[in-house]
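Participant: Here you go, one structure.
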């Protein structure tokens, strides 16, 4: 049993600390250890996941032509959640035929204000069934229910609501030019925010008058197929949105299809490059939202407790399965020691476990494959000489779980400082001057996001200008909004999602 | 009295603010529209191209760090320089264009006008492309543009001056720097343009021009990591090779068809500037 909440004991230690650090008034930390157990607080809403899902093509659920299905696993229990249809190239082709038909006969010519009403309907229906979708998302993907409930699902609905309103205002998207929809758009999304990424892709595309063939990630297709039910309820014209499921082969058939007038991809930089090569001959228009290795830069004058919260949220949100995760902490040398100590104390309180428990902070790693990758990279960190720290939290006996992890004594050449881990692993580096911080922060092939923590306004604006990243969070981290353009610099991709800038990537100008 | 023998100019390319030959010493001959030999121009190598990219990369931070107002004035000054030397440039174009004087005059005039058009955008495009975003939480949220860095240009054969300037000025107005491969069939106007750039206020390295063979140089344009965007007049295999190579470093590629009408007003647009900027969104909490 560890009890550190003892005022007298804390007082004496804080005196020592004052001597050591000269500042930073120490507040008693509320660490109760295993003094009390949390009672289980499971979310119990019925996720209404069917035993098997077919493909959604032309407004109907249709069986895959080859009749093949694959299992979708609950990463927290390793049990099968549902069976998902495996789409072949022929299935993908019929999805494009349906999309093209819908585009030419219905969607392109529908007045924007009417099109918008369908998109509004989708937003509302998703809000109505939010709890059910949140539970399904947590079961299928492993993310904590408090995140799927408070972030993924409401934000997905918000994307539809926001873009619905653009449908009859497209003339204002590009001053000086006339905008037209592009046509049929092929979209491929990752497994980290299954429903939210689907919303990011579908909402602007259909609001602008395009039709869609979309493929969710292999391990997280359940909420996409539930979303298809919702499209039927919304009576969205058949073929405007088609959802095909499967793995890499299905994806390649989708991105390589000749009817695709644009490909929108969110995923790893590695696969993004493959798609770029695949489309080199045809010259299909593309937007790419790829990997990241964000630096979260903490200056000595930052509001320390808020910065600790921000750093924790920045890397452990969604098990670190976030392309814009703040996976490199750059902390100013003068405060490194107390800052890292506070970080560790905060990490002690993180609860890893059942994604459906409302108290869970860190859920399950999305798949066995991803867990293996995280383990491999963490091992490389140890082998290359960085110092590992993990809190003592218990892990469930089954399922794919990984302790929140931080590394100190990291150098810029370590793999854990260069490669995207996509897991709850933070690499800590230090700096002395602002120029050094900028140099280190930008020393990566990625440029998706960055964070800066300081109390000084002019420093924030200078850092915001110098950090080569598409999104800069100042004194905050991991904030998203449908009105706020998101996307990367350098090998993190091109094109934006959200806002007027994102919408422009879904129209042709004339 | 004996006839005076004219001094013939040795064509050199304009890289990093200097006039240079190819490091290889290679040249290729150019002929006028009547088949008459005019000069040997440098047949630049991949090494020359890499050096030009280095010059462009070096010039980038200072150029993008200038105020937009200043960049606008410098581009306007470039228009003034070209207008003042319109006769010389018209003469050069006329030598190679199998057309009449009026076509050459028109190309120079349109090039000057295009520069003036983009000079005016320098301190305005941000207000058209950027935004303050109404997010559903107490944050100040805004989106600004930034130049992407070095832009590689493969220029047009059909309008060797107007095409090149149209591609280049849309890139440099936002603070990018440029490495351009001049028209292979008609490189001489770009050589002359280099001499005019040198007397304008455009800082060294902002616009670099090389001459040479497309086949030899386009693979380097495609794969050079420090070139962040490509604007190329290309078809078929050349276009495919550019896009395929660009995948290695995730760079954006704009391909234009050789039959593009460079005179068209469609080439004057804030959306041409948009091709080679990145959008940066910044969040900050609103509070005490």
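Please treat every number below as a calculation from the coordinates, not as lab data. If you're wondering where the values come from, they're calculated on a predicted model, not measured in any experiment. Positions of Cβ are generated from backbone atoms using ideal geometry, with glycine treated the same way; all protein chains shown enter the neighbour counts.
Participant: Between residue A:168 and residue B:7, what is the FRET efficiency for a Förster distance of 60 Å, r being their Cβ-Cβ separation, to the nearest 0.05?
Facilitator: Numbers: r = 67 Å, r/R0 = 1.12.
The formula returns an efficiency of 0.35 here.
Participant: Based on the inverse mean of 1/r over its pairs of different Cα atoms, what is the Kirkwood hydrodynamic radius of the stretch B:211-288, in Å?
Facilitator: Working: mean 1/r = 0.0680 Å⁻¹.
Computed over the stretch B:211-288, the radius equals 14.7 Å.
Participant: So what's the back-of-envelope 222 nm ellipticity for the protein assembly as shown, counting only DSSP H runs of four-plus at -39500 (n - 2.57) apiece and dividing by all residues, rounded to 500?
Facilitator: Values: 26 runs with 312 residues, N = 798.
Value at 222 nm, helices only: -12000 deg cm²/dmol.
Participant: If you don't mind, there's one more thing I want to ask. Run the quick spin-label model on residue A:409 and residue A:301: label points 7 Å from Cα toward the beta carbon, then report their separation in nm to one decimal.
Facilitator: Inter-label distance under the simple model: 3.3 nm.
Participant: Rounded to the nearest 0.05, what FRET efficiency do residue B:213 and residue A:110 give with R0 = 51 Å and r taken as the Cβ-Cβ distance? Could you check? Could the numbers behind the result be given before it?
Facilitator: Working: r = 51 Å, r/R0 = 1.00.
After rounding to 0.05, the efficiency reads 0.50.
Participant: Looking only at B:219, B:138, B:160, which one moves most when chain B is put into a Gaussian network model with springs between Cα atoms under 10 Å?
Facilitator: B:138
Participant: May I ask you to sort B:77, A:398 by Cβ crowding, counting other Cβ atoms within 10 Å and putting the fewest first? Don't skip to the end; give the middle numbers.
Facilitator: Values: B:77 16, A:398 11.
So the ranking, lowest neighbour count to highest, is A:398, B:77.
Participant: Helix A:7-21 versus the longest principal axis of chain A: what angle, 0 to 90°, nearest 10, using Cα atoms?
Facilitator: The helix A:7-21 is inclined about 90 degrees to chain A.
Participant: Between 0 and 90 degrees, rounded to the nearest ten: what's the tilt of helix A:130-141 against the longest Cα principal axis of chain A?
Facilitator: 70 degrees
Participant: For the stretch B:181-288, what does the relative contact order come out to in percent, with C-alpha contacts under 8 Å and a separation of six or more? It would help to have the intermediate numbers written out before the result.
Facilitator: On the way: 80 pairs, mean separation 22.1, N = 108.
RCO, the stretch B:181-288: 20 percent.
Participant: Another question, if that's okay. How many Cβ atoms of partner chains, on average, are near each residue of B:122-135 if near means within 10 Å of its Cβ?
Facilitator: Details: counts 0, 0, 0, 0, 0, 0, 3, 5, 3, 6, 1, 9, 5, 8.
The mean count of partner-chain Cβ atoms within 10 Å per residue comes to 3.
Participant: Given 4 °C and 1.567 mPa s, how large is the Stokes-Einstein diffusion coefficient of the stretch A:349-504 in µm²/s, with Rh as the Kirkwood radius over Cα pairs? All intermediate terms of the calculation are to be shown ahead of the outcome.
Facilitator: Numbers: Rh = 17.7 Å.
Result for D is 73 µm²/s.
Participant: Please give the helix B:68-84 orientation as an angle from the longest Cα principal axis of chain B, in degrees from 0 to 90, rounded to the nearest 10.
Facilitator: So the inclination is approximately 20 degrees.
Participant: Expressed as a whole number of Å, what is the distance separating the alpha-carbon centroids of the stretch A:189-228 and the stretch A:413-491?
Facilitator: Cα centroid of the stretch A:413-491 versus Cα centroid of the stretch A:189-228: 27 Å apart.
Participant: Shifting gears a bit: If you take the square roots of the eigenvalues of the alpha-carbon gyration tensor of the stretch A:110-149 and sort them as a ≥ b ≥ c, do you get rounded (a/c under 1.5), prolate (a/b over b/c) or oblate?
Facilitator: Working: a/c = 4.27, a/b = 3.31, b/c = 1.29.
Prolate is the answer for the stretch A:110-149, as a/c is 1.5 or above and a/b outweighs b/c.
Participant: What percent do you get for the relative contact order of chain B when only Cα pairs under 8 Å and 6+ apart count?
Facilitator: Rounded, it is 25 percent for chain B.
Participant: Please rank B:116, A:331, fewest neighbouring Cβ atoms within 10 Å first, as an exposure proxy.
Facilitator: B:116, A:331
Participant: Build a GNM of chain B with springs between Cα atoms under 10 Å: which of B:215, B:58, B:124 gets the top mean-square fluctuation?
Facilitator: B:215
Participant: Still on this structure, I have one more. Can you give the alpha-carbon Rg of the protein assembly as shown over 2.2 N^0.38 Å, where N counts its residues?
Facilitator: 1.03
Participant: Could you tell me how many cubic angstrom of Cα convex hull volume the stretch A:107-249 has per residue?
Facilitator: Values: hull volume 14.4 nm³, N = 143.
Convex hull volume per residue, Cα atoms: 101 Å³.
Participant: Over all distinct Cα pairs, what is the inverse of the mean 1/r for the stretch A:275-425, reported as the Kirkwood hydrodynamic radius in Å?
Facilitator: On the way: mean 1/r = 0.0601 Å⁻¹.
Taking the inverse mean of 1/r over all distinct Cα pairs, the stretch A:275-425 comes out at 16.6 Å.
Participant: Could I ask something else about it? Against the empirical 2.2 N^0.38 Å scaling, what ratio does the C-alpha Rg of the stretch A:204-277 come to? Present the calculation step by step, with values, prior to reporting the outcome.
Facilitator: Details: Rg = 13.0 Å, N = 74, 2.2 N^0.38 = 11.3 Å.
Taking N as the residue count of the stretch A:204-277, the ratio is 1.16.
Participant: Taking every Cα atom in chain B, find the radius of gyration and the maximum pairwise distance Dmax, and write them in Å.
Facilitator: Expressed in Å, the Cα Rg and Dmax of chain B come to 19.8, 89.
Participant: Report the relative contact order of chain A, percent, no decimals, based on alpha-carbon pairs under 8 angstrom and at least 6 residues apart.
Facilitator: Values: 1159 pairs, mean separation 86.7, N = 510.
Rounded, it is 17 percent for chain A.
Participant: What's the center-to-center distance, using Cα atoms, between the stretch B:1-76 and the stretch B:209-234 in Å?
Facilitator: Each part reduced to its Cα centre gives a spacing of 16 Å.
Participant: What's the percent breakdown of Cα-Cα distances in the stretch B:96-189 across 5 Å bins, shortest bin first?
Facilitator: Final binned percentages: 3, 12, 17, 18, 15, 11, 8, 6, 4, 3, 2, 1, 0.
Participant: Taking 0.36 nm per residue of separation and subtracting the Cα-Cα distance, what length does fully extending residue A:89 through residue A:455 add? Walk me through the numbers before you get to the answer.
Facilitator: Values: separation 366, 0.36 × 366 = 131.76 nm, distance 5.46 nm.
Stretched fully, the residue A:89-residue A:455 segment lengthens by 126.3 nm.
Participant: Once you've got the GNM for chain B with C-alpha springs shorter than 10 Å, pick whichever of B:143, B:223, B:90 has the biggest mean-square fluctuation.
Facilitator: Maximum fluctuation in the GNM of chain B, among the listed residues, is at B:143.
Participant: Which of rounded, prolate, oblate describes the stretch A:30-150, given a ≥ b ≥ c as roots of the alpha-carbon gyration tensor eigenvalues and a/c under 1.5 marking rounded, otherwise prolate only if a/b is larger than b/c? Display every interim value, and only then the final one.
Facilitator: Numbers: a/c = 3.62, a/b = 1.65, b/c = 2.19.
In terms of gyration-tensor shape, oblate.
Participant: Then there's this: Give the shape of the stretch A:199-357 as rounded, prolate or oblate, defined through the alpha-carbon gyration tensor: a ≥ b ≥ c are the square roots of its eigenvalues, a/c under 1.5 means rounded, and otherwise the shape is prolate if a/b is larger than b/c and oblate if not. Could the numbers behind the result be given before it?
Facilitator: Numbers: a/c = 2.83, a/b = 1.94, b/c = 1.46.
Cα axes put the stretch A:199-357 in the prolate bin.
Participant: For A:313, A:321, A:163, B:284, which order do you get if you count the other beta carbons within 10 Å of each Cβ and list the fewest first?
Facilitator: Listed from fewest to most nearby Cβ atoms, that is A:313, B:284, A:321, A:163.
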